[in-house]
Amino acid sequence: MRKTGILLLLAVFLLTCSTIPPVFASSPAPLLPEIEADSYILINAADNRVLCEKNPDKKLYPASTTKIMTAILVLESGYYDQTTTVSKAAVDGIGINGSNVALKEGEIVQFKDLLRMTLISSANDAANVLAEGVGGSIPDFVALMNQKVKELGVSNTHLSNPSGLDVEDGYPEHQTTARDLAQIMRYATSNHIFREIIGETEYVLPVTNFHPEGRGSRKSTDLLLTQPKYQSDNFTVVGGKTGYTKAAQNVFAACARNGDGIELILVLMKHPSRNRMFEDAYKLFEYGFELVRHDSRLQTVGFYDIRYRESADIIHKFYENGYISGNGEGRFDYAGNVTREEFLQVLGRVRGSVTAASGNDLAQSCLNAAIDQGILDESWRGTGNTPMTRGDAITIMSRHIVSRLDVFELLTYMIKIKDLNTVPVSSRWDVLRVYKTGIITVMDDGTIGFDDLISKEEMVLILDRYARYRDTALSTILAIAGHISPIRAVALSFCGP
């Protein structure tokens, strides 16, 4: 009887434990503050998880936060260092009492300066000039804006102009939601130039053909960046964009980052007070990062510049395995060049012959070891800082594969690779062998691009394909002849541990 009672008590105890909510480690969970905004949302930028929200799908006017979309389209156009000329339509189209920097018709301005006028001082005339410079006309640019909206999958947004004019200026359909605006901000903050600009507290109006001298500085509209009372020990503000119209009231979209690399994106819409909006923004960021600190399930970190790259999962896998590293700002720099030393170092980690340590000495030793082992010839010695080409990658990878070509394959691949005749004769066999394995693929135009530089992203993709080839080849060899010790030893040595 006593044993039965003990078992019953134990069962009740276990049942009770299973229904108690998780207890936070050292202090109670933070309390969600009262927020005056009609709508808001706070998300983790890395995985899109919502931390808190209020009416996030209510359609409202975005005001000048519209300029986030304007800026990202301009940055993606590639015109950053070019100039454009201010038109009469751009100056006249600023709206009733629209903010501006007094641009003049015929004034020649650089896109990079116009972007700062648009994002930092929220100038409608600058946004219009950018729209015309990229789209050819404001209506054509607006079409590009709504096309981007569809690409991002935000279904409750319709944009009618590049600056944020709404019902008062004849654009009643220019609306979005807090949830959609957070997604637009999330996309924009994956661009490092956008992040740089929204993080600037002021800029100097540039010298132009109409203004031979600088015209003083313009300060950011983001008070979280400029006022000491909003500086926190828990996070750093990456930057934000404000907006205001009579119909929209006060709007704010911002991004902040803590010391662990976790980024949160906040959107507040239709807030009745500009000053209290920033106080509420500060409270929500404090709440969000405290919530993240307490709950490990919310602590998702990621490279911000690869959020929308198809290769993101593979790059994160390489990072988690210790094969690669990012910089301290959370950027992988996927388009950056790779040196020969760096490529060989990552290859060594993938093969298991190099530890996760880093440094120039280790990278150089990987190159010298490859030369000493006969994998590369002496012409490679001392060239570790040389940017890596696809031809270099083909040369290296051909030494790490076992691949034979029959006549049919030889003829087929020679036809498929459109620029094979431009490849040095001594390297054509390597090209064909590596191409057969799928480690190196042709580009969209059917060329191999033997002399083209490879990026960090392409390096990861090449080495990921190599790792999958190696695992397949090794398992096949070991399945057939793994019981023969010499063959097993050679296979493991050739393919890596």
* State the Cα centre-to-centre distance between region 28-44 and region 193-236 in whole Å. => 27 Å
* Tilt of helix 485-495 relative to the longest C-alpha principal axis of the chain, in degrees (0 to 90, nearest 10)? -> 30 degrees
* Structure fact -> If one compares the long axis through the Cα atoms of helix 360-372 with the longest principal axis of the Cα atoms of the chain, the angle in degrees, nearest 10, works out at 30 degrees
* To do: Would you give the gap between the C-alpha center of region 413-445 and the C-alpha center of region 45-100, rounded to a whole Å?
  => 44 Å
* To do: Name the lysines eligible as straight-distance cross-link partners of Lys59: C-alpha to C-alpha under 18 Å, and not fewer than 8 places from it in the same chain.
  => Lys67, Lys150, Lys246, Lys270
* To do: Output the relative contact order of the chain, whole-number percent, from Cα pairs under 8 angstrom with separation of 6+ residues.
  => 13 percent
* Structure fact -> Between the alpha carbon centres of region 248-270 and region 283-355 the gap in Å comes to 22 Å
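Only four residue types carry charge here, +1 at the Cβ of Lys and Arg and -1 at the Cβ of Asp and Glu. Report the dipole size of the chain about the Cα centre in Debye, rounded to the nearest 20. Intermediate values should be presented prior to the final figure.
Working: 50 positive and 59 negative charges, 299 e Å.
Its charge dipole is roughly 1440 debye.
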* **Straight-distance crosslink candidates among lysines, where the alpha carbon sits under 20 Å from Lys456 and sequence neighbours closer than 8 are dropped** => Lys317
* Could you pull the Cα extents of the chain along its three principal axes, largest to smallest, in whole Å? => 92, 81, 41
* To do: Take Asp471, project a point 7 Å from its Cα along the Cβ direction, then tell me which residues of region 276-312 have their backbone nitrogen under 16 Å from it.
  => none
* Would you be so kind as to identify which of Gly382, Gly199, Ser398 lies farthest towards the positive end of the dipole of the chain, taking Lys and Arg as +1 and Asp and Glu as -1 on Cβ and the Cα centre as origin? => Ser398
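Any idea what diffusion coefficient region 39-298 gets from Stokes-Einstein, in µm²/s, Kirkwood Rh on alpha carbon pairs, 4 °C, 1.567 mPa s? All intermediate terms of the calculation are to be shown ahead of the outcome.
On the way: Rh = 18.3 Å.
Translational D for this selection: 71 µm²/s.
Rule-based calculations on the coordinates, nothing more; no lab input. Since we're looking at a predicted model, the values are computed, not measured. So basically every Cβ, Gly included, is an ideal-geometry build from the backbone, and we count neighbours across all protein chains shown.
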